[in-house]
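Input: a single structure, listed below in structure tokens.
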Amino acid sequence: MELEAEVVVVGAGIVGLATAWQLMQRFPTKSIIVVDKERSIASHQTGRNSGVIHSGIYYRTGTLKAALCVRGRSQLLDFMNDHEIPYELSGKVIVARTSEELPLLRQLFDQGQRNSVAGLRLIDGSELRRLEPEAAGVAAISSPSTGIVDYRQVAQAMADDLIRAGHLVTLGTPVDSISSDPQGVGLWRNGNKFLRGRYAIVAAGLYSDILAYRSGLSRNPRIVPFRGEYWSIDNGRPLVRSMIYPIPDKRFPFLGVHFTRRLRDGAILVGPNAVLGLAREHYQRQLAKGIRVIELMPTLTFQGFWRMAFRYWKPGLAEMHRSLFPMAYLRLAQQYVPALTRDGLLPGPVGVRAQTIDVSGAMSDDFIIDQMPRVLFVRNAPSPAATASLAIGEYLIGQATQRFGW
Ligand SMILES: Cc1cc2nc3c(=O)[nH]c(=O)nc-3n(C[C@H](O)[C@H](O)[C@H](O)COP(=O)(O)OP(=O)(O)OC[C@H]3O[C@@H](n4cnc5c(N)ncnc54)[C@H](O)[C@@H]3O)c2cc1C
């Protein structure tokens, strides 16, 4: 069967849905179909993340990440207020454990100021203890504009608005590739064109490189899946009031081991670490389970992966060690919350980040958009893309307007 739509969006994660939602605001007469391979929306990164509303402090000034996080956060708050979605601006602290870390803390603070993050304060050890009595550290940044939310609820509200306005969200519909000709675009599955539209926007998360490649774009940069394993903390008394973060290692696009509170049930989680996913959707807690050789081989035969692995073999092995040995993980977590005990550290959920790596082995540190005639591809949308989703959507619609003459 051939359905018709003005714009087809591939991917019902928060980036695809926010893009469709922004499209509906800007061009109310354009018909939209969102398609996703899963039977429910937000099944992957969006539904398996830390649930943090980021402030924008971490991202290099001048990048899309920095600009779209700050703008997207404020759009997200408006959206959640309008839709009565619960969230808490509970704030967080980013901790310097030793005086050697103080210059890095200062640099991060200055970057936050440049990025126009509101309310940041440098605080000393005693104020840190007033905010987070169990945290260890000599100083910290207090970021009161950081918050928590369940992003599945946000994605659901976006999908509900689209459906109410007469658009379609079609689930259980995998797409193999996308073709384009002067009249429009076609979505293909098992050699059949099953859907036509005038334009398409693709936000396929962990499969974004494969879909781009099968549609005729470059194979690179490639997605390398990075598992993020969480531990749940239950020490009989609350060890964390809101959120405790380390100063991130600038070499990596990940934020390091942090403590967060999950809005849905109040659970305190510590994580996520960053170890190689042995499949793109590798959610089994035990690393050895859920391996998909067909997905692992392209990573293991990719030059860019090995270049990255050689460059960072030491921190990579340390992450793997801590993933396999809970006591090692505990020792790292105790540097921030010393009262944590082994008994209080319980296996928690697993998420997988879609992180692009180029042939030189560099991990992309910004959002990446690619294009072919009539189609935009989101190739890299890692954290804080959930916080920034509405601004990413707005940006994509702006790009489509310019490039496609809408
Ligand atoms: C462990 C972890 C913690 C994170 N913490 C935070 C945080 O606290 N705050 C924050 O802002 N961000 C966070 N992020 C990042 C954030 O979750 C992601 O950047 C964001 O969810 C990306 O959204 P997306 O729509 O691009 O991808 P996804 O949510 O992965 O959605 C992609 C969709 O595309 C669909 N799809 C894929 N291939 C196909 C195909 N061939 N055909 C049809 N459909 C297809 C998938 O089924 C999926 O639904 C975290 C991510 C992870 C993994």
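Between Arg331 and Trp313, the simple spin-label model (points 7 angstrom out along Cα→Cβ) gives 2.1 nm.
Return the loop-located trypsin sites (Lys or Arg not before Pro) in the stretch 217-271 (DSSP other than H, G, I, E, B) with at most 14 other Cβ atoms within 10 Å of their own Cβ; answer none if there are none. Counting only loop positions with at most 14 other Cβ atoms within 10 Å, the trypsin sites (Lys or Arg not before Pro) in the stretch 217-271 are Arg219, Lys250, Arg251, Arg264.
Computed over neighbours whose Cβ is under 15 Å from that of Arg379, the net charge equals +1, Lys and Arg +1, Asp and Glu -1. Dipole magnitude for the stretch 203-324: computed about the Cα centre from +1 point charges on Lys and Arg Cβ and -1 point charges on Asp and Glu Cβ, it is near 140 debye. Among the GluC sites (Glu not before Pro) in the stretch 1-80, those located in a DSSP loop and surrounded by at most 14 other Cβ atoms within 10 Å of their own Cβ are Glu2. For Arg379, the residues whose modelled amide H falls within less than 5 Å of its own, excluding neighbours fewer than 5 places apart on the same chain, are Ile368, Ile369, Asp370. Remark on Arg189: its backbone amide H falls under 5 Å from those of Asp176, Phe194, a criterion applied only to residues 5 or more positions apart or on other chains, H modelled at 1.01 Å from N. Considering only Thr341, Val275, Phe325, the residue lying farthest towards the positive end of the dipole of the stretch 233-358 is Thr341, judged by Cα position with unit charges set on Cβ. Taking a Cβ cut-off of under 15 Å around Val359, the surrounding Lys, Arg, Asp and Glu residues balance to a net charge of +3, with basic ones at +1 and acidic ones at -1. Can you give the local net charge around Arg227? Use residues other than it whose beta-carbon is closer than 11 angstrom to its beta-carbon, Lys and Arg +1, Asp and Glu -1. Charge balance near Arg227 sits at +1. Using C-alpha pairs under 8 Å with a sequence gap of at least 6, the mean separation divided by the residue count of the chain gives a relative contact order of 24 percent. Helical runs (DSSP H, four residues minimum) scored at -39500 (n - 2.57) apiece and divided by the length of the chain put the mean residue ellipticity at 222 nm at -9500 deg cm²/dmol.
Note on the stretch 137-256: dipole from Cβ charges, positive end direction compared against Gly197, Ile163, Leu255; the farthest Cα belongs to Gly197. Just checking the listed ones, Ala267, Ala279, Ala155: in the Gaussian network model of the chain with Cα springs under 10 Å, the one fluctuating most is Ala267.
Which percent of the accessible heavy-atom area of the chain goes to carbon and sulfur, probe 1.4 angstrom? On the chain, the fraction of accessible area on carbon and sulfur atoms equals 54 percent.
Available extension along the chain between Arg237 and Ala362 is 40.8 nm, counting 0.36 nm per residue and deducting the alpha carbon span. Derived scalar couplings between HN and Hα for the stretch 109-116 equal 4, 4, 4, x, 5, 4, 7, 6 Hz in order, rounded to whole Hz, by the Karplus curve 6.51 cos²θ - 1.76 cosθ + 1.60 (θ = phi - 60°), x for Gly and Pro. DSSP beta bridges fully contained in the chain are about 70 percent antiparallel. Residue by residue, the stretch 187-195 carries 3J(HN,Hα) couplings of 9, 10, 9, 6, x, 10, 7, 10, 8 Hz when phi is fed to the Karplus relation 6.51 cos²θ - 1.76 cosθ + 1.60 (θ = phi - 60°); x denotes Gly or Pro. Applying 1/(1 + (r/R0)^6) with R0 = 51 Å to the Cβ-Cβ distance of Arg60 and Arg164 gives a FRET efficiency near 0.85. Mean-square fluctuations from a GNM of the chain, with a 10 angstrom spring cutoff on Cα atoms, peak among Pro133, Pro272, Pro221 at Pro133. Extension gain, Gln399 to Ile291: 0.36 nm times the residue separation minus the Cα-Cα distance gives 35.1 nm. Heavy-atom accessible area, probed at 1.4 angstrom with all protein chains present, ranks His321, His258, His44 as His321, His44, His258, highest first. For the chain, the solvent-accessible area with a 1.4 angstrom probe is 42 square angstrom per residue.
For the stretch 318-332, putting each phi into the Karplus relation 6.51 cos²θ - 1.76 cosθ + 1.60 with θ = phi - 60° gives couplings of 5, 4, 5, 4, 5, 5, 7, 10, x, 5, 5, 5, 4, 4, 5 Hz, in residue order, rounded to whole numbers and with x for Gly and Pro.
Quick one: dipole size for the chain, taken about the Cα centre, charges +1 on Lys/Arg Cβ and -1 on Asp/Glu Cβ, in debye to the nearest 20. Charge dipole of the chain: 720 debye, to the nearest 20.
Simple rule: put +1 on each Lys or Arg Cβ and -1 on each Asp or Glu Cβ in the stretch 92-144, find the dipole, and look at Pro103, Leu131, Asn115; the Cα lying farthest toward the positive end is Asn115.
The values are calculated or read from the model by the stated rules, or taken from the named source; none is laboratory data. Quick caveat, the model's predicted, so the values are computed rather than measured. Neighbour counts run over all protein chains shown; Cβ positions are idealised from the backbone, glycine included. The protein model used for the area step is the full one, side chains on, heavy atoms only, and it has no ligands, DNA or RNA in it. Shrake-Rupley method; radii C 1.70, N 1.55, O 1.52, S 1.80 Å.
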